[in-house]
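Taking it in order: structure first as structure tokens, then the write-up.
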Amino acid sequence: MNALAKTIEPAALPTIGQILLQRDLVSETDLAKALHFQSTLGGRLGAILVRIGSVSEDNVLDALSYQLGLEVLASEHMPQDPSTYIETMRRSGIEPEWWIDQAAIAWDLDPDTICCICRDPLLPSLQEALAAAFQDKSLVWRLIRNRDLDMMLDLVRRTLADDGRDVTGDVALLRELAEEAPVVELVSNALSQAVNEGASDIHVEPREHEFDIRYRIDGVLQNRLTLPRSRFDAVASRIKLISGLDIAERRLPQDGRIGLRISGKDLDVRVSCLPGVWGESIVMRLLLKEHKNFSLAKIGMAVDHLEAFSRLANEPYGIILVTGPTGSGKSTTLKATLEEIKDGKRKIITVEDPVEYNIPGVTQVQTKADIGYTFARALRSILRQDPDTIMIGEIRDVETAQIAVQASLTGHMVFSTLHTNDALSAFTRLIDMGVEPFLVASSIRAVMAQRLVRQLCPHCRQPHDPPQAIVQKCLELQRLFPRLLTKAPQWFAAKGCKQCQHTGYRGRLGIYEMAIVSDELADMVLHQKPLHEMAAVARKSGYRDLLEDGLIKAWQGETSVEEVLRIAGQMGIDGD
């Protein structure tokens, strides 16, 4: 009797759909859609739910494990030598090609027991064939992720023979491979898992013999999957196909987008393909379409920064710049600012590339560079709309900068972003662009630089004693900013647990440096004084740099000293 059959009593167990509903992993609408597909096209319900992006494969495997009483096997607990599987295949008396067609492999657990894994362990014909092949053995079945099974099958296939099939130049074959169920499931599951883990980007990166799928979570890339290079062309073609890109073009960069519903959430995916030595590097930026409740109070600003920034944001005219590299949270800060100031009495217009999140009550304009609708051209049109407040996604050229300055000097409040390393460098960046120093000095009200640091996981953080140089630096900050450091220090370090994917961190918050333009600072901008002299003057108005703001948050137990130093650097820290 097959060991699998003994463990399953379908009438006594809930269906896979019921289990997923009970665990609140799928919606009734998605389940009904999957059941409709199943009745029309056939197939396993769990696989269909993964294919349509309603749930991740890991969630389905957990539910199947509960339903069938079978253990989910991790790839590291399997034999890594493909000859182990090939030997078992040959002892079965069944051709290895049959095993590969059935997507099944087996190996000896002990002299009397064979462990079997396959894509569909409930397939009666497969169970009967293996029970007959190993009549003198006990069969033990396990569940496994499709990607891990595919990796082992590919190793077996390559060991048995190299078929030499070259798909890179056959567009019809690439399109056919992109529509195959395993490829569709792999891409859908990668997207689903990324959404469930809160990833902002998915990176698909080919190497000589493998390719990696990595997620950017809390600003740090984490490897999630490594697959054989032979599967890369099909996966890349699938991504390009659903994002409207040319699957035959692999020599030039391409950009596309996908509108999807993943894990019950509407998603806008921006896709970028960049040709490399071993193939195209593909990056997918994940943007949830649902309205986010942005709030200045929740993005990590200290009390003094929050009060000063809120006051300046409500001024009737001038420019406020937020600076930092890509991915430092500048757009989120500006969206939170607009949420803060919108009161139904102001006309607020934004010009963005792209419009990532919709803000009710705000007119948002999307630039289209391919037809010549640039920031500068959009701004000229916006000024004819009689706005009170304008938000410019990014100042990229002198024309955009000059229009922003003119708008601020004619009674408009302008918010924008700029790529600089620190706050005070924004003045010299605009002057280098070609804006006259007297216009820069007279129009800008404040400049704020920011970065994002990871927050410590509250479930596993552990007390930590920082180096003496850090403690000494923070005591100086306590003297300068007594309002912020009233309590005893709460130093913690990252540890790692299941709740935070063993990273020690969960979520992010901002660290900031804000320079308010006083008359004295404006005069220094006008005369193009060195940055260190500007910093000395700015400190009279409460200016502190990114490192100092980060250390204040480490003192308060929100992040670790190690994370602050990773993001802000160690300039200004003496000693070891």
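Structure above, values below:
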quantity: Neighbours by Cβ (under 7 Å, 6+ apart or cross-chain): first from region 235-246, in contact (Cβ under 8 Å) with a residue 40 or more places away in the chain and open to solvent by 40 Å² or more (accessible area, probe 1.4 Å); second part of a loop (DSSP other than H, G, I, E, B) and not acidic (Asp, Glu); calculated: Leu241/Ile247
quantity: Near pairs, Cβ below 7 angstrom, 6+ apart or cross-chain, from region 38-54 (under 19 Å from Ser263 (Cβ atoms)) to any residue that is open to solvent by 90 Å² or more (accessible area, probe 1.4 Å) and outside any helix (DSSP H, G or I); calculated: Gly53/Arg261
quantity: Qualifying residues in region 258-316 (those that are hydrophobic (A, V, I, L, M, F, W, C), at pLDDT below 90 and part of a helix (DSSP H, G or I)) - the one surrounded by the most Cβ atoms within 10 Å (Cβ to Cβ); calculated: Leu296
quantity: Residue match in region 60-83 (condition: over 30 Å from the mean Cα position of the chain (by Cα), over 30 Å from Lys265 (Cβ atoms), loosely packed, with under 15 Cβ neighbours inside 10 Å and hydroxyl-bearing (Ser, Thr, Tyr)); calculated: yes
quantity: Thr88 touching a strand residue (DSSP E or B) at 6+ places or on another chain (Cβ under 6 Å), over 23 Å from Asp150 (Cβ atoms) and of a type outside the set (A, V, I, L, M, F, W, C); calculated: no
quantity: Qualifying residue in region 187-196 (condition: open to solvent by 30 Å² or more (accessible area, probe 1.4 Å) and modelled with pLDDT under 90); calculated: yes
quantity: Options Val414, Val362, Val398, Val405; residue that is under 21 Å from Ile348 (Cα atoms) and in contact with a Gly (Cβ under 9 Å, 6 or more places away or on another chain); calculated: Val414
quantity: Flag if Gln499 is touching a residue at least 12 places away in the same chain (Cβ under 8 Å), closer than 28 Å to Pro458 by Cβ and surrounded by 14 or more Cβ atoms within 10 Å (Cβ to Cβ); calculated: no
quantity: Options Leu547, Leu509: the member that is surrounded by 16 or more Cβ atoms within 10 Å (Cβ to Cβ), assigned to a helix (DSSP H, G or I) and touching a residue at least 12 places away in the same chain (Cβ under 8 Å); calculated: Leu547
quantity: In region 104-143, residue nearest to the chain's Cα centre (by Cα) [restricted to those that are crowded, with 17+ Cβ neighbours inside 10 Å and part of a loop (DSSP other than H, G, I, E, B)]; calculated: Arg119
quantity: Residue count for region 343-395, restricted to those that are out of contact with any strand residue (DSSP E or B) (no Cβ under 8 Å at 6 or more places or on another chain), small (Gly, Ala, Ser) and open to solvent by 60 Å² or more (accessible area, probe 1.4 Å); calculated: 2
quantity: Candidates Arg377, Arg445, Arg346 - the one that is within 15 Å of Ile319 (Cβ to Cβ) and of a type in the set (D, E, K, R); calculated: Arg445
quantity: Arg479 being more than 25 Å from the chain's Cα centre (by Cα) and at pLDDT 95 or above; calculated: no
quantity: Condition met for Val517 (among the β-branched types (Val, Ile, Thr) and closer than 26 Å to Pro325 by Cα); calculated: yes
quantity: Within region 24-53, tally of residues that are closer than 17 Å to Pro14 by Cβ, among the aliphatic types (A, V, I, L, M) and under 25 Å from the mean Cα position of the chain (by Cα); calculated: 3
quantity: Check on Gly276, out of contact with any Leu (no Cβ under 7 Å at 6 or more places or on another chain) and within 16 Å of Val195 (Cβ to Cβ); calculated: no
quantity: Only listed residue being hydrophobic (A, V, I, L, M, F, W, C), under 17 Å from Ile299 (Cα atoms), open to solvent by 10 Å² or more (accessible area, probe 1.4 Å) and part of a helix (DSSP H, G or I), chosen from Ile567, Ile552; calculated: Ile567
quantity: Verdict on Val405 being in a helix (DSSP H, G or I) and in contact with a helix residue (DSSP H, G or I) (Cβ under 8 Å, 6 or more places away or on another chain); calculated: yes
quantity: Qualifying residue in region 208-217 (condition: open to solvent by less than 20 Å² (accessible area, probe 1.4 Å), part of a helix (DSSP H, G or I) and modelled with pLDDT of 90 or more); calculated: no
quantity: Residues located in region 436-459, provided they are assigned to a loop (DSSP other than H, G, I, E, B) and crowded, with 20+ Cβ neighbours inside 10 Å; calculated: Cys457
quantity: Thr337 vs. criteria under 27 Å from Gly256 (Cβ atoms), in a helix (DSSP H, G or I), of a type in the set (Ser, Thr, Tyr) and open to solvent by less than 60 Å² (accessible area, probe 1.4 Å); calculated: no
quantity: Members of region 48-73 found to be part of a loop (DSSP other than H, G, I, E, B) and among the acidic types (Asp, Glu), listed by number; calculated: Glu71
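The values are calculated or read from the model by the stated rules, or taken from the named source; none is laboratory data. As the structure is a computational prediction, the values presented were derived from the model and not from experiment. Here the Cβ is made from the backbone with ideal geometry for all residues, glycine too, and neighbour counts use every protein chain on show. Please note that ligands, DNA and RNA were not included when accessible areas were found on the heavy atoms of the full protein model with its side chains. Shrake-Rupley method; radii C 1.70, N 1.55, O 1.52, S 1.80 Å.
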